[in-house]
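Shown next, in structure tokens, is the structure this report addresses.
Nothing in this text is a laboratory measurement; each read-out follows from the coordinates by a stated rule. Source: prediction; values computed, not measured. Neighbour counts run over all protein chains shown; Cβ positions are idealised from the backbone, glycine included.
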Amino acid sequence: MNQASVNLRIAEGTTPTNTWTDGAPLRIPSAVVLGDVRTYRRLTCAACGKRGMKATPQHTAIGGYRVLCSCRTCRHVEVC
Ligand SMILES: [Zn+2]
């Protein structure tokens, strides 16, 4: 059994399975998450056109991964 499946089992027992929670899943290497966050921070807001999004890695208990981008200027939020 690898580390990822152990972590998944613990998470399934303690939290709802489809809720997005701040923080990257353990199965994603931190270097990858950091790269994603750096990339998305440079994006331009689709709503107001300003550069500089706040990128927040999120995960679900069943192993989902996404980065939520929110605009620092107009608070527009999009899933990257
Ligand atoms: Zn904006």
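When the trypsin sites (Lys or Arg not before Pro) in segment 32-72 are filtered for DSSP coil states and for at most 11 other beta-carbon atoms within 10 Å of their beta-carbon, the remaining sites are Arg42.
Quotient of the Cα radius of gyration of segment 14-80 and 2.2 N^0.38 Å, N being its number of residues: 1.16. Taking a label point 7 Å from the Cα of Tyr65 along the Cα→Cβ vector, which residues of segment 15-40 have an amide N closer than 13 Å to it? So the set is 23-37.
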